[in-house]
Amino acid sequence: MIIRKIALVGNPNTGKTSIFNLLTGLRQQVGNFSGVTVDKRWGTTSLKDGNKIEVLDLPGTYSIYPRSQDERVVFEVLTNPNHKEFPDLFVVIADGSNLRRNLLLFTQLYDMELPVILVLTMQDMVGSIVNEIDVKALSSSLNNVPVLWVNGRTGNGIAELKRAIFNFVQVEFKPILSNSIPASLDGDGIKQTEDSQKRFARINEILKSAEHPTSQIEIPSITKKLDNMLVHPFWGYFIFGSVLFVIFQIIFRISAYPMDWIEGTFVHLSYLIKSSLPIGPFTDLLAEGVLPGIGGVVVFIPQIALLFFLLAILEETGYMSRVVFIMDKLVRPFGLNGKSVVPLISSTACAIPGIMATRNISSWKDRLVTIMVAPLMSCSARIPVYTLLISLVVPDKQLLGFVDQKGLVLFLLYALGLVAALVVAAILKGFIRTKEKGFLMMEMPAYRAPRWSAIGINLVEKVKVFIVDAGKVILAISIILWATASYGPATRTESALAEVRQKQVSNPLPEKEFQSRLDAVKLENSYIGIVGKTIEPIIKPLGYDWKIGIAIITSFAAREVFVGSMSTIYSVGKDEQDIDRLKVTLSKEVNYETGEKVYTLASGTSLMIFYAFAMQCMATFAVVKRETNSWKWPLIQMFYMGAMAYFGAWLTFLIMS
Amino acid sequence: MSDSEIKLQPYFCNCQLLVKVARRNLTNLGLGDTGTIVEVVNHELTPRLIEMGFFPGKQVRTLFKAPFGGPVAFDLLGSIVSLRIDEAKLIIIEK
């Protein structure tokens, strides 16, 4: 029998992915199964004759009957020999320390007359306890299906596995459980229950000859001791809080360096292109549209990589499931799942890795609700906007003699993000309907040391997915924003610029100020500028003028762009020290119609509320599109967040003024 | 009473289910205590509970409970599985 393609199947937490990594090494790719957002991993491995075969890693599942999107994919591959992912051989990975439960899936596959090999893992755990499994006896009681041990950590047994694949011959079929056609029971819970119970009885008989008679599996004592602490009603939360504290310290302290470096490099590259290529629209496109677009993608990599590195450690060690365990009840009332907690908290650094981390939530509804509210959590890109506005409109005062008023406002904005996320989640819960029944039923693996290679591979994948899939959308939006901000109706722009140049002749400004003035006029008369002016009547009730309108539209790229746009509009430079000049200019700004100050406590807080709620981030938009596999959800998200921002800001302005 | 109302009756009073739940279930098991599963009440989640290892005849021990009425973790001899209270109530045991 010639094997060209194999698929790995098995329960979750069996070390299936380690074996996949051992087989394929770095020759692996990740994507989605067609039509659904379920991770698909595939790669190649070479057998002893040097021939390469394809290896597909199917999502982990406890049985062939699907209860989630991930498991549905497995069911579809298993039951349809014409499926384009259907392999020549199924390698079933089973946890040797929990063989009874793991064999259920194996016997279902076998009874579907599929070609199978059984691989047992976790021998290290089984060996330390008196549970020895005689693979020869097991193989013979399983009608001579090849059975072998592979160690996912050391790689022991991989060569034997490859040999077994190479030598595979399907032996004569004798049903393990007769009169049972597992695949036909999809959707019939009562028959499934019956069938599974019969199977467990059969598995008990089969294991009698293969298992050491006195075998008894004990939970490792270190896991018991750690659990006494980590799920403790007080220490459990205390430790989780401390872990989060450390994670955020690491992210904010460390990722700032590469991010600053990347931003600097891209500014420098733009400058290089502008100064070395001939002046013209193509150079501008490259220097002001394409490069900042790529920069806007690359700048997220340090945060994504670092956050996923830390989250992968939590996952690998087994701690993540304990977090889910202690948090589940607390977030249930809001329509969230214990598994939503870490993605949401990650979103206070940046919603992008937060949303990407929701893949672990197996219930589609819970996952969707988490994705929809994640951008409401106050991310780090809001900080520059908040800092500018707070220092502009919030008076320097101590409350009760020791609470700094500015710090308090910043804290309240963070709290607002969290409250808004929870409230919206509770509302969305009622709107999103699915056939799936939400459940927890979660395995809590024993604690173990992280496998660094697995973490590394996972990290590379996440970053690659972000660059390739989200990058396209981000780049496209960035080019559109650039084009509409740099071009306007030709006559209008030209006459406005000519006016500035004329003034320069009669009443000369220093060169730098003159350039800033030109930039400001150019933006004001660009298409974006025109839109900003046109929407003035709409944003007037919020206390904004057209200049703020332009800044809001341009900062759809990313929230922090607001500060840069304001600098351009008010024609102050964009250097660090210019932020102070911007503040001075803004504080003096008066409305051209009423003569009143533009930046008051009322309009300033209204603007802060606007930025707390509005989805001003094209990268989030792109990632939500990728993770939900549709334009529908990111559009709904943008709309509801926009509506919240508008009405929230309007109310704030009414109350404050 | 019209015909359709009479037909709906069994859904409003799933008496069989109520009687079974009133029996001793996994949530009645004290911390550290062991029981044997007798039955899993028929429910949407039953097949999954069975697949996770909660099948009749299996010994189960309560390991720890999350605060505020959160999930409960069980030792299934070979793995630790946590269930929400509602899920654990479906599993009938004897000591």
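Values quoted throughout were computed directly from the atomic coordinates according to the rules given, and no laboratory measurement underlies them. Just so it is clear, the structure is predicted and the values come from calculations on it, not from any experiment. Quick reminder, even Gly has a Cβ in these numbers, built from the backbone with ideal geometry, and neighbours come from all protein chains shown.
Some observations on this one:
- Calculated on the Cα set of the stretch A:41-170, radius of gyration then Dmax: 14.8, 44 Å.
- Contact order normalised by residue count of the stretch A:235-460, Cα under 8 Å, 6+ apart, percent: 21
- For A:K597, residues with placed amide H under 5 Å, excluding near neighbours: A:N591
- In this structure, the amide hydrogen of A:F33, modeled 1.01 Å from its nitrogen in the peptide plane, lies closer than 5 angstrom to those of A:V38, A:K40, counting only residues at least 5 positions away or on a different chain.
- Note, ³J(HN,Hα) from phi for the stretch B:66-75, Karplus 6.51, -1.76, 1.60, rounded to Hz, x at Gly and Pro: 6, x, 6, x, x, x, 10, 9, 10, 8
- Across peptide A:227-234, the average count of Cβ atoms from other chains found within 10 Å of a residue's Cβ is 3.
- Per-residue HN-Hα couplings for the stretch A:198-210 [Karplus 6.51, -1.76, 1.60; θ = phi - 60°; Hz; x = Gly/Pro]: 4, 4, 4, 5, 5, 4, 4, 4, 4, 6, 3, 7, 9
- Only lysines eight or more places from A:K397 in sequence, or on another chain, were considered; those with a Cα closer than 16 Å are A:K406.
- Considering only Cα atoms, the convex hull volume of the stretch A:1-86 works out to 105 Å³ per residue.
- Ordering of A:423-429, A:361-367, A:1-7, A:340-346 by packing [mean C-beta count within 10 Å, highest first]: A:340-346, A:361-367, A:423-429, A:1-7
- Relative contact order of the stretch A:5-210, taken over Cα pairs closer than 8 Å and 6 or more residues apart, is 21 percent.
- Rg to Rh, two decimals, where the stretch A:317-411 supplies the alpha carbon set and Rh follows Kirkwood: 1.13
- Between A:S347 and any residue 5 or more places off or on another chain, the built amide H atoms are never under 5 Å apart.
- For the stretch A:535-564 versus the stretch A:196-271, the gap between their alpha-carbon centres in whole angstrom: 43
- Exposure proxy order (Cβ contacts within 10 Å, fewest to most) of B:H43, A:H83: A:H83, B:H43
- Charges were assigned to the Cβ only: +1 to each Lys and Arg, -1 to each Asp and Glu. The resulting dipole of chain A about its Cα centre is roughly 460 debye.
- Residue by residue along B:39-48, Cβ atoms of other protein chains within 10 Å of the local Cβ number 5 on average.
- Taking every residue in A:93-104 and counting other chain Cβ atoms within 10 Å of its Cβ, the average works out to 3.
- Hz values of 3J(HN,Hα) by residue in the stretch A:506-512 - Karplus curve (6.51, -1.76, 1.60), Gly and Pro given as x: 6, 9, x, 9, x, 3, 5
- Summary value for chain A: 11 percent relative contact order, contacts being C-alpha pairs under 8 angstrom separated by 6+ residues.
- Of all DSSP bridge pairs formed entirely within the protein assembly as shown, close to 65 percent run antiparallel.
- The stretch A:63-112-the stretch A:586-657 distance, computed between alpha-carbon centres (Å): 48
- Counting all C-alpha pairs of the stretch A:235-460, share separated by more than 27 Å (%): 47
- Share, in percent, of DSSP beta bridges within the stretch A:5-210 that are antiparallel, nearest 5: 40
- Expected 222 nm ellipticity per residue - DSSP helices of 4 or more, -39500 (n - 2.57), all of the protein assembly as shown, to 500: -17000 deg cm²/dmol
- Given in Å, the Rg to one decimal and the Dmax to the nearest whole number for the Cα atoms of chain A are 29.7, 102.
- For the stretch A:415-549, the Kirkwood hydrodynamic radius comes to 21.2 Å, computed from all pairs of different C-alpha atoms.
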